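Engineer: This is the structure, below, for whatever I ask next.
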Amino acid sequence: MSETSKRIEDLVSSGAIPRRGDEPVFEEPWQARAFGLVLSLCDDGVISWDAFQRQLVEEIGTAPSDSNGEGPNHVYYEHWLRAFEKLLVDTDVLSGVELRGRAGEFASGDRDASEFTLDEAGNEQ
């Protein structure tokens, strides 16, 4: 079993992530992308899984309890994303300026995910 598969299985079986049956549940595409990015960067050794888990626990523990009417899955993945962003900056993968700049480029439509997609042969497009 790959490390990614083991991490997903551990998260699902522990009840740590929203799930339906044995599968993680994502209400919106960004949640699945954030989930996959963390696992991928952990597998590639860019960030530590243990460090991410600690950051996520801290984020959840310090967050206000008011969910602004959002569902529990949405709130959980908001914590997931904030923990991920903080870890990227804290470990110098990206500076805060770089992170905000890239987020702004995607939010404004100046940049999209096409630069990260592969063709059917697995080559960058």
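The values are calculated or read from the model by the stated rules, or taken from the named source; none is laboratory data. Keep in mind that this is a model prediction, so the values were computed, not measured. Backbone-built Cβ (ideal geometry, glycine too); neighbour counts: all protein chains shown.
Engineer: Determine which member of the set Phe106, Phe26 is among the aromatic types (Phe, Trp, Tyr), at pLDDT below 90 and loosely packed, with under 15 Cβ neighbours inside 10 Å.
Structural biologist: On the way: Phe26 fails: loosely packed, with under 15 Cβ neighbours inside 10 Å.
Being among the aromatic types (Phe, Trp, Tyr), at pLDDT below 90 and loosely packed, with under 15 Cβ neighbours inside 10 Å holds for just one of Phe106, Phe26, which is Phe106.
Engineer: Of all residues in the stretch 78-120, which are free of Cβ contacts under 8 Å to residues at least 24 places away in the same chain, of a type in the set (A, V, I, L, M, F, W, C) and in a helix (DSSP H, G or I)?
Structural biologist: Within the stretch 78-120, Val89, Val97, Leu99, Ala103, Phe106, Ala107, Ala113, Phe116 meet the criteria.
Engineer: Follow-up question, since we're still on this one. Out of all the residues in the stretch 23-39, which are in contact (Cβ under 8 Å) with a residue 12 or more places away in the chain and not aliphatic (A, V, I, L, M)?
Structural biologist: Matches in the stretch 23-39: Pro24, Phe26, Glu27, Glu28, Trp30, Gln31, Phe35.
Yes/no per residue for (1) at pLDDT 90 or above; (2) within 27 Å of Ala113 (Cα to Cα); (3) loosely packed, with under 13 Cβ neighbours inside 10 Å:
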position	(1), (2), (3)
Asp44	yes, yes, yes
Asp50	yes, no, yes
Arg54	yes, no, no
Ser67	no, no, no
Ala83	yes, yes, no
Val93	yes, yes, no
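Engineer: If you don't mind, there's one more thing I want to ask. When you go through (1) part of a helix (DSSP H, G or I); (2) modelled with pLDDT of 85 or more; (3) among the hydrophobic types (A, V, I, L, M, F, W, C) one by one for Val75, which number turns out not to apply?
Structural biologist: Just one mismatch for Val75, condition (2).
Engineer: Going by the structure shown, is Asp112 at pLDDT below 85, of a type in the set (Asp, Glu) and over 22 Å from Glu3 (Cα atoms)?
Structural biologist: Here the answer is yes, as Asp112 does meet what is asked.
Engineer: With (1) at pLDDT 70 or above; (2) of a type in the set (S, T, N, Q); (3) part of a loop (DSSP other than H, G, I, E, B) as the list, and Gln31 as the residue in question, which single condition is left unmet?
Structural biologist: With (1) at pLDDT 70 or above; (2) of a type in the set (S, T, N, Q); (3) part of a loop (DSSP other than H, G, I, E, B) applied to Gln31, the lone miss is (3).
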